[in-house]
Amino acid sequence: MNERTLAENFALLALNGQDSLHKTVAKTVSLRCMAAAALLELYLENSTQSGDSCESSSGGLSGGLSAALFEADTIAVIPSRSYQREALAALFKKPNKGAGCLSALARATRLSSKSLLAIERAFVEPLFESGALEEVPKLLACDLLFDSSGVDIREYRAEQAAYTAIADSLRAELLEEGPLTDEAIILLWLLRESGCLHDIFSHDELSILGGRMVALYQSSPLARSLYTLVLHRTLETTFKRFLHIKQAAFSTPVGVGLNFVFPVFERSQSVFVDTDAWFSDHAARLAALERRLREHGHNVSVLQTGAVPLIKIDNCLYRAVPTAQVISRVPIHGLRLRKCPLC
Amino acid sequence: MSRQRTLEKIIQSEYVSIGELVRLSGTRYSTLKFYTEEGMLAFEQEEEKLTRRFPREQTLARLREISSLKQAGLSIPQIKNKLIH
């Protein structure tokens, strides 16, 4: 079995569903935390090599790490992976003035776009090679406005088995009684700072986790050092959370119907594909839709033909409803995709 | 606190935690928790607040048995009856 590292596991959780071609707020938040994950991974590797455990480091994370790795400007452990090298290069671009690892981690909030892009590439390339992550086309790129503007949208998708294994083993460890491993303590903090906790844990489980974090803060030196450190920016996290809630609201049967009438509410779920000619018949409309979807790399199969065909696009069912979109007073005929709420 | 065990070490150990069982068997955590609460998976727990430890070989064999019974068309109450009695 192929075992991934702590930072790679976190990257799979954090990058799943993120736009792969453009810089978005949600992805920026994830990338900062991925840089922090790479640094913490080095800390864990170092503590293993030196035979230390977190309990033995006097001041928790800052004590052990600053002494071992980040004293002055030199790094004792040579980073073996490309993403570790990129993260360290970005985090230690300027001389380290603060208290070792903690000040280095805090710098993740101020990483430049260029550094974040380099870190992203260094993370995703080995994950692509191993098949744990793939880049898939997003349905919104087929929309008339996006397609005619030449805007391509693609997103990362973690392999389902890998994602489930990571998320479920973490859930099992955090929600069960008993002591936690260092990896679980670190992943919990990274998920909190990247705003990904809601993707993995339900509302009730989050309240259990809140209690768990308080208990950890009191009992674990590592948690005490780490949990006081804030990597996120409140505005970005609020924005990310708002988008998440909006998407969830427009995935319900009522939300899907409302979004169909008012597409502006959730553009990602309301795709308009123009047909080649005005007043085209059922077959011509469907052929134009199929062609556009295939051009963008989607798997399409028509389950039911007729005035409102039922289509399966990338394992989701959609109704293609004939409609017209008015642009500059000119009505453009086409089909608007309406997601079947049952799928 | 301790470090997470590698798969190599988990495969060699006699007892595993439920998180390690997820990694070993590929079964969802919620499923394992349900089986445990229904008494279909045996475990040891030294004290109330300590980690539940599952005998690795026996639990994996039990999971395979449950899976084959499910494929044979038995419902969960029927499987439970069959396993417990």
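Tabulated values for the structure
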| read-out | value |
| --- | --- |
| Matching residues in the range B:1-18 - criterion: being within 8 Å of chain A (Cβ to nearest Cβ) and at pLDDT 90 or above | B:SER17, B:ILE18 |
| Residue match in the range A:89-100 (condition: touching a helix residue (DSSP H, G or I) at 6+ places or on another chain (Cβ under 7 Å), within 29 Å of A:SER225 (Cα to Cα) and open to solvent by less than 10 Å² (accessible area, probe 1.4 Å)) | yes |
| Filter pass, B:ILE79 being away from chain A (no Cβ under 14 Å), open to solvent by 50 Å² or more (accessible area, probe 1.4 Å), β-branched (Val, Ile, Thr) and in contact (Cβ under 8 Å) with a residue 24 or more places away in the chain | no |
| Residue in the range B:54-74 that is at pLDDT below 90 and open to solvent by 30 Å² or more (accessible area, probe 1.4 Å) present | no |
| Checklist (1) touching a residue at least 60 places away in the same chain (Cβ under 8 Å); (2) in contact with a Ser or Thr (Cβ under 9 Å, 6 or more places away or on another chain); (3) under 30 Å from A:CYS142 (Cα atoms) applied to A:SER268, failing item | (2) |
| Checklist (1) in contact (Cβ under 8 Å) with a residue 40 or more places away in the chain; (2) within 14 Å of chain B (Cβ to nearest Cβ); (3) part of a loop (DSSP other than H, G, I, E, B) applied to A:LEU231, failing item | (2) |
| Qualifying residue in the range A:157-168 (condition: without any contact (Cβ under 8 Å) to a residue 12 or more places away in the chain, part of a helix (DSSP H, G or I), away from chain B (no Cβ under 14 Å) and out of contact with any Ser or Thr (no Cβ under 6 Å at 6 or more places or on another chain)) | no |
| Scope the range A:194-212; condition away from every other protein chain (no Cβ under 14 Å), open to solvent by 10 Å² or more (accessible area, probe 1.4 Å) and assigned to a helix (DSSP H, G or I); matching residues | A:LEU197, A:HIS198, A:ASP199, A:HIS203, A:LEU206, A:SER207, A:GLY210 |
| Any hit, the range B:36-51, residues being under 22 Å from B:GLU65 (Cα atoms), facing chain A (nearest Cβ under 8 Å) and either at pLDDT 90 or above or open to solvent by less than 50 Å² (accessible area, probe 1.4 Å) (or both) | no |
| Residues of the range A:271-285 classified as within 22 Å of A:ASP152 (Cα to Cα) and open to solvent by less than 50 Å² (accessible area, probe 1.4 Å), total | 5 |
| Near pairs, Cβ below 9 angstrom, 6+ apart or cross-chain, from the range A:175-193 (more than 7 Å from every other protein chain (Cβ to nearest Cβ) and over 22 Å from B:SER30 (Cβ atoms)) to any residue that is among the hydroxyl-bearing types (Ser, Thr, Tyr) and assigned to a helix (DSSP H, G or I) | A:ILE186/A:TYR43; A:GLU193/A:THR237 |
| Tally, over the range A:140-154, of residues that are more than 16 Å from A:ARG291 (Cα to Cα) and open to solvent by less than 20 Å² (accessible area, probe 1.4 Å) | 1 |
| Matching residues in the range A:113-156 - criterion: being without any contact (Cβ under 8 Å) to a residue 40 or more places away in the chain and in a loop (DSSP other than H, G, I, E, B) | A:GLY131, A:SER149, A:GLY150, A:VAL151 |
| Any chance B:ARG28 is within 9 Å of chain A (Cβ to nearest Cβ), touching a helix residue (DSSP H, G or I) at 6+ places or on another chain (Cβ under 7 Å) and open to solvent by less than 60 Å² (accessible area, probe 1.4 Å) | no |
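The values are calculated or read from the model by the stated rules, or taken from the named source; none is laboratory data. Just so you know, these numbers come straight off a predicted model, no measurement behind them. Ideal geometry is used to build each Cβ from the backbone, glycine not excepted, and the neighbour counts take in all protein chains shown. These accessible areas exclude ligands, DNA and RNA; they are computed on the full protein's heavy atoms, side chains included. Shrake-Rupley method; radii C 1.70, N 1.55, O 1.52, S 1.80 Å.
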